[in-house]
Amino acid sequence: MVVGSNLVRYCVPLFASTMMCSAGAGPVEGPADLPKVKPADLSLFSPDDLSDAELIVPFYLAHCHRVANSIQEDGPNRGFITLPVWRPKQYNEPYNARVLENFMPLTYFYCTNRPWNPYYGDGALRLRLEALLDFWCRAQHTDGRFSEYEPEGWNLPATGFAVMFMGETLRLLDSGPPIDEGLHERVIAAQGKACRALLTSAGLFDHARKYSNQYSGLWGGVLAFLEVCPDAELESLIRQRLEESLECHQSPAGYWYEAGGCDWAYTSRTHAGNLLMAWHYAHDTDLAPLFALGETRWAEWVAYNTVLEPDGRTRVVNRAIETRTRGDYGARHNPLSEVAPLGRAFVDTQSEVDESIRRQRAALAADWPKVAELEVGGHHAYSPHPILNLGHGRWHPSDAERAEARRALPYVAGSEFNHQRVDTGCVQIYTYVRRPAYYAAFNAGKRLSAQQRFGLGLLWTDAYGAVLQSQSGTKRAAWGTRAPEADWVYEGELTGASWRVGDMGVAPEPGVRDLPQGDLVVTYSLDGAGEKAVTFGGDRIAVRVTHPGAFVEQFPLLVPEGTEPHAADGVANVAGDGIRIVFPPASPATWHREDVHVAGKELVTLTLAAADTLTYELCMIP
């Protein structure tokens, strides 16, 4: 790694010294009144002056002065950002180091020499940035951690994201205009201490077994730091921790842990952004195969849990298993799809990106020099993430490369299989069934968050696309069996299930494997209130429920927008004549529109009322 010109003189004594920043230290001397940063005049340039990667810059540039001028000028909290535009408004308090992460975009404008940037080397911005960096140093615990939700609430996310944003900040400062030399040394020392805390603390590492995105930011942060301040011990530690992370922070089923399970939004957005930075620094190093391994596993997991609609543009995920957020998030960018080919199946191609850039340029030009208002109080109103990743180039596949990846998707490449992916300790068990007539995902396991739902999570056919998608965090829009007044289906947790293929019992094993061919039967208890058996046959899924007394069976179905689903004489037509639910005519059927729209379809729940027993079939008719 190349040593940066400005930091070389600081790096030799850095880790030999015990002098580190600590919470409670007084602010450095500075001007009694910090000068105001002037607004940028966007009319002095045009969108044509921006590179494709810089199209996000005008919004940040236009509001830079507001963020900078909100930096507190005096008192013990001198340097704190008082304007609530990043992180929840109720936590915009001096104890929250996450608020301070906007030192990154401020540093970007101070250090970036571009014709459109009036803040390059700006004296007023420098003084306010110095106050902010000084406060960041003073906010650090003596052991290297940072706080977030309460005074002295030292935690992993505040420390992990601090290292990520500061790594890029120090790289910018290394080749940019100067700041106070003594302050620069203290910032370097604080970053080094935070890096060591993350890479050596068993407690912080173990916390990431539940929240992997809070740890993965350190990879890019440490690697950026090493670009300008090499350290053999840190290089050794990051390799060791990265190898351990692949074993401890990623399930053997393929997902990265969030609240102990899979969460599409946190992994597809936050974790992916973290890896975008890490890959920028690692792709030409001997760490690259480790990052590629983790993302290959993730791409395979996504491939089993995401189906394409017939239009080839939209996708539907197995979302009932999500642990933290709620939404039909399909990964539109995999930062490592360059080296994880299956990850190309669901991401935007280069031609789509080019078209998106064309539209962005046209929209900017149409309203120039107007930009969006700054939503003060908004959680992500001035997020530092887009500026952080500005120089971290994204690789996108060609149309042909994505088409090739889609042909390799398991349910496209194979017409018949039983496949299982199981977490450590069999806490979560995911089973995938492909038949010529359909593809289905069946989820089982211990509930890791209140919003998870199990059972039949996804049902898809070639001609229609997704026909059933169970939802998370819901009483009615989840597939399964429910007592009439219950708050959720029995499948809100599904443990103790047994699997059988033909006459052969199949015991789940942690990891990934294909099960024997043949009809797959899943049998499980309804929380002691009965039993359910689900049989995945050749052209239908047959279900038998035994439950003393009254109960309801519900189906969250995706129907064409504006259509009126109907059920009569024991038959519910879901997708014209292609998919039918056949049930006893005596079971009353009702429909509920859920105000959920997925892939151009509307979610409508079919509910069947029954007592004691119910047998029905989901029939795929060619």
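With helices as the sole contributors, the chain gives -9500 deg cm²/dmol at 222 nm; each DSSP H run of n ≥ 4 counts as -39500 (n - 2.57), and the sum is divided by every residue.
Between Asp231 and any residue 5 or more places off or on another chain, the built amide H atoms are never under 5 Å apart. With the convex hull constructed from alpha-carbon coordinates only, the stretch 415-620 shows a mean projected area of 10.9 nm² over all directions.
Using the Stokes-Einstein relation with a Kirkwood hydrodynamic radius computed over Cα pairs, the translational diffusion coefficient of the stretch 370-469 at 10 °C and a viscosity of 1.306 mPa s comes to 89 µm²/s.
Let me spell out the model: positive unit charges on the Cβ of Lys and Arg, negative unit charges on the Cβ of Asp and Glu, origin at the Cα centre of the chain. What dipole size does that give, in debye rounded to 20? If you can, show how the numbers build up before the last one.
Numbers: 55 positive and 76 negative charges, 83 e Å.
Magnitude of the dipole: close to 400 debye.
Per-residue 3J(HN,Hα) values for the stretch 543-560, derived from phi via the Karplus relation 6.51 cos²θ - 1.76 cosθ + 1.60 with θ = phi - 60°, read 10, 10, 10, 10, 7, x, x, 6, 7, 10, 10, 10, 9, x, 10, 9, 10, x Hz in sequence order (x marks Gly and Pro). Extents of the stretch 291-366, largest first, come to 42, 28, 28 Å (Cα atoms, principal axes, whole angstrom).
Among Asp527, Asp134, Asp263, which comes first, then next, by fewest other beta-carbon atoms within 10 Å? Could the numbers behind the result be given before it?
On the way: Asp527 17, Asp134 24, Asp263 31.
So the residues, fewest neighbours to most, are Asp527, Asp134, Asp263.
Across the stretch 60-68, coupling constants 3J(HN,Hα) worked out from phi with the 6.51/-1.76/1.60 Karplus curve, θ = phi - 60°, read 5, 5, 5, 10, 4, 5, 5, 5, 4 Hz, and Gly and Pro carry x.
Between the amide H of Gly457 and those of Ala441, Phe442, Asn443, distances stay under 5 Å, these residues lying 5 or more places away or on another chain, with hydrogens modeled in the peptide plane. In plain terms, the residue of Ile56, Ile81, Ile387 with the fewest other Cβ atoms within 10 Å comes first and the most crowded comes last, giving Ile56, Ile387, Ile81. Quick one: grab the alpha carbon gyration tensor of the chain, order the square roots of its eigenvalues as a ≥ b ≥ c, and give me rounded if a/c is under 1.5, else prolate or oblate depending on whether a/b is larger than b/c. Prolate, because a/c is 1.5 or more and a/b exceeds b/c. 3J(HN,Hα) couplings calculated from phi for the stretch 490-497 with the Karplus curve 6.51 cos²θ - 1.76 cosθ + 1.60 (θ = phi - 60°) are, in sequence order, 4, 6, x, 8, 9, 10, x, 6 Hz; Gly and Pro show x.
The average projected area of the stretch 55-388, computed from the convex hull of its Cα atoms over all directions, is 17.3 nm². A Stokes-Einstein calculation at 37 °C with viscosity 0.692 mPa s, built on the Kirkwood radius of the stretch 565-620 over Cα pairs, returns a diffusion coefficient of 271 µm²/s.
Pairs exceeding 31 Å between alpha-carbon atoms, taken from Lys370/Lys601; Lys89/Lys210; Lys89/Lys446; Lys475/Lys601: Lys370/Lys601; Lys89/Lys446. Taking 12 Å as the straight-line reach from the Cα of Lys38, the aspartates and glutamates in range (excluding those fewer than 8 positions away in the same chain) are Asp122. Peptides 216-228, 374-386, 358-370 ordered by packing proxy, namely the average of other Cβ atoms within 10 Å per residue, highest first: 216-228, 374-386, 358-370.
Every number here is computed from the coordinates shown, using simple stated rules; none is lab data. Just so it is clear, the structure is predicted and the values come from calculations on it, not from any experiment. Positions of Cβ are generated from backbone atoms using ideal geometry, with glycine treated the same way; all protein chains shown enter the neighbour counts.
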